[in-house]
Amino acid sequence: MIARDAFLGQTIVVTGGTRGLGRAMTLAFLEHGGRVHATWTGNETAAAALADAAARFAGRLALHRFDVADEQAVERFWAGLESEPEGVQVLLSNAGIRRDQIVGTMKSADWRAVLDVNLTGSFLMAKHAVRAMLPRKYGRIVFVTSPSGLHGFQGQANYAASKAGQIGLMRSLAREVGKRKITVNCLSPGFVDTELLADLPEEARAEHRKLVPLGRFATTEEIAHAALFLASPGASYVNGTTLEVHGGL
């Protein structure tokens, strides 16, 4: 178990942090004492709902609306964090999109959009996180990837390529910054009961469920717990790896 005050005094950035899995991670870090900067792009209702849910955390949540694939917006965001007295200790790179289609009919714009947000966004956020963490010789960077990055799923070539790219990015970055006590890892959830699955027909959901030996989808809280571990001080010797939380998929 992670101690309730494990992130007391720490600043955590969660991209895509206002709905679904990102929302659960944001709330988990708040519940364990952290100050969280959660980013979002388009869903104002979800952002407002998270703000309401986090009201009990005494102002330790800050919301930021921008696209992680927009380099100038990312630079402005990190410039704004320079006022954090102890810097930023954790980056949880969770923002991602899907635009599914088989390769033969996939639009080039959909290919680029998914790679831009999922992979380039991860790179841009990590680039600035490293710059913030290096002077303090401490940091935790976690990319939320997917089993699709290893196995590929029909109709998700763009998504699978972006997630495989995150794993390659993680492995290289882990080697670059490990000596400065900054760890870099991937968290690979399987099927999680979020809106990403809610838009599938029930027949498809049932077929996906059959693939999981545990016979069910994960809850967002179960994945958030794994994120807490990878981001915690206790995970100091976990570096350059992918933690798979998929029920045996």
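Worth pointing out:
- Filter result (buried (at least 18 other Cβ atoms within 10 Å of the Cβ) and not polar (S, T, N, Q)) within segment 139-160: Gly139, Arg140, Ile141, Val142, Phe143, Val144, Pro147, Gly149, Ala157, Tyr159, Ala160
- Considering segment 56-83, and only residues there that are among the small types (Gly, Ala, Ser) and over 17 Å from the mean Cα position of the chain (by Cα), the residue that is surrounded by the most Cβ atoms within 10 Å (Cβ to Cβ) turns out to be Ala73.
- Residue within segment 34-55 that is buried (at least 19 other Cβ atoms within 10 Å of the Cβ), at pLDDT 95 or above and at positive phi present: no
Residue by residue, here is whether (1) of a type outside the set (A, V, I, L, M, F, W, C); (2) open to solvent by less than 40 Å² (accessible area, probe 1.4 Å); (3) out of contact with any Phe, Trp or Tyr (no Cβ under 8 Å at 6 or more places or on another chain); (4) on the phi > 0 side of the Ramachandran plot holds:
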residue	(1), (2), (3), (4)
Leu187	no, yes, no, no
Glu202	yes, no, yes, no
Ala206	no, yes, yes, no
Leu230	no, yes, yes, no
Thr242	yes, no, yes, no
Leu249	no, no, no, no
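- Residues of segment 191-211 that turn out to be in a loop (DSSP other than H, G, I, E, B), closer than 22 Å to Gly22 by Cβ and of a type outside the set (D, E, K, R), as a count: 3
- Of the residues Lys210, Lys179, the single one that is open to solvent by 50 Å² or more (accessible area, probe 1.4 Å), at pLDDT 95 or above, over 17 Å from Met25 (Cβ atoms) and of a type outside the set (Gly, Ala, Ser) is Lys179.
- Residue list for segment 212-236, restricted to those being more than 16 Å from the chain's Cα centre (by Cα) and either over 21 Å from Gly96 (Cα atoms) or in a helix (DSSP H, G or I) (or both): Val212, Pro213, Leu214, Gly215, Arg216, Pro233, Gly234, Ala235, Ser236
The values are calculated or read from the model by the stated rules, or taken from the named source; none is laboratory data. What you see is a predicted model, and the numbers here were worked out from it, not measured in a lab. We place every Cβ from the backbone using ideal geometry, glycine too, and count neighbours over all the protein chains shown. Heavy atoms of the whole protein, side chains included, go into the accessibility calculation; ligands, DNA and RNA do not. Shrake-Rupley method; radii C 1.70, N 1.55, O 1.52, S 1.80 Å.
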